[in-house]
Each structure stands twice: as C-alpha cells, then as structure tokens.
Amino acid sequence: MDSDYESLGREVHVHSVQVARFDTMTLGHLRKLLDAVEQERLGRLLTTARQAEYMVAHGMLRTLLGQYLKLDPLELRFTANAYGKPALTSPFGTEIQFNLAHTNDRVLIAVTRGRQVGVDIEYLAPHLPDPSIYVSLFTEDERLALAALSPLLAQRGFYTAWTRKEAFIKATGKGFSAEVEADYKRSHGGDFAAIDAMERVSYTPAALLAFLSKGDVKPQGGGR
C-alpha cells in the first residue's frame, strides 16, 4: 500500500478493499475510529453486512488519510458541502482530496492532491433496471447508445455508463443538474481514466475522474 503524500501530487491512488476479509476483531478496531456522527449513522443500518461494509469503508478511509497525513485517524475531522460531498476540515489537509464508494462487500477509496476526484462502483445485478428510469439518468445520446447494444452487452453497458456518470457527479460535488450534465458531456472521454481494479467480473470497472490537472491512476492493493 503506497501512502506517500508527495506522490499524490502526480497520482490518483485507488484502494480496493474486500469487506469479507476483515475479521470481527479488526472490525471492532475500525469501529472505534468512527466519530459520533459516523457511529450514529452506523447504528441506523439494519443488517450486520451493511454495518460491516460501513465500518470498513469509513474506518479504512480514516486509516488511509491518517497514513498520508501522518496523523492519528482519530484526530481527523470531516465536513460536507451542500450536496453532501465530504472533505477534511482545516488544518487537517484541505489540499488532499478523496472519494469513497462501496457496495456488496467491496469498498473503493480514491485519494489524490490538488484535484477533484470521484469514484463509484456498482454490483452487476442479474437484471437490468426498468427502462423507464433511463430518462432521468441519461441524455438522449446515451440512451440511444445503450439501446443499440446487444442483449449480451446491455447489462454491463448500463452499469458502466451509470458508474462513470456517478463518479463524475461525485467528483464535481455539485449534485445532478443540467450544468453538471453539460460538463460531463464535454469532458467524457477526455480526462476520464477508467480502471479495472476489481478481482471479480460481478462488479463494474471502477470509474474514476481526475480533472483540473491530470495525474496517473495508480491502483492500490488496499488493506485486505
């Protein structure tokens, strides 16, 4: 695991972690790293699987950021903008940027410095969503492109398209809007770096965006 702060000026580190590899003792340690707000959110989750996923995602985020910044994870304080995008508060390193995604036993954490970043991951469900929701998710051009895919490719095509867009929206930190949609259309295929950090085909490729200044995407092994 590369936790070199200086390298983040040139690179975007993407840490991939499998929740099932964490034993009960390690989960307990990660839980102790969570602050009061995170503990309250954890308590609202109804299943042990969801709770474990949350503890790994947020506990490992604190662990990694602490390693980059050479700080105790318990010292870190977070804030969020009006759309819910999290960030470190000053003086804990406002230059460092990160984003988090998790689903069905897999966690992705992207970390970089001096650029905005977004990451998303989706589990490939056996069946496609109802086509009626496509209107709210995709532009007309995107819907036409998806409609042209063969049945064999339709499932992965949908999830890859949505993962990329969701990563972009998370990177901007502005929520979904016509302005963000226009920005996405202009940048799509430009500064986008699609990487496959997954070990199993049941997940979409991790879609990650680094813009304002480019950097190399460097997949990390993660903590587990």
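Values in this text are rule-based calculations from the coordinates and carry no lab data. Please read these numbers as outputs of a predicted model, since none were measured by experiment. Virtual Cβ from ideal backbone geometry, glycine too; neighbours counted across all protein chains shown.
List of remarks:
- Relative packing of peptides 124-131, 8-15 - highest average C-beta neighbours within 10 Å first: 8-15, 124-131
- Shown for Ser90, Ser132, Ser16: other C-beta atoms within 10 Å of each C-beta, ranked fewest to most, produce the order Ser132, Ser90, Ser16.
- Cβ-to-Cβ counts within 10 Å put Ile169, Ile96 in ascending order as Ile96, Ile169, the fewest first.
- Remark: the range 152-164, residue by residue, has Karplus-estimated 3J(HN,Hα) of 5, 9, 4, 4, 5, x, 4, 5, 5, 4, 6, 4, 4 Hz, where x stands for each Gly or Pro and the curve is 6.51 cos²θ - 1.76 cosθ + 1.60 at θ = phi - 60°.
- When the pairs Lys70/Lys170; Lys32/Lys170; Lys32/Lys174 are compared against a 29 Å limit on Cα-Cα distance, Lys32/Lys174 fall above it.
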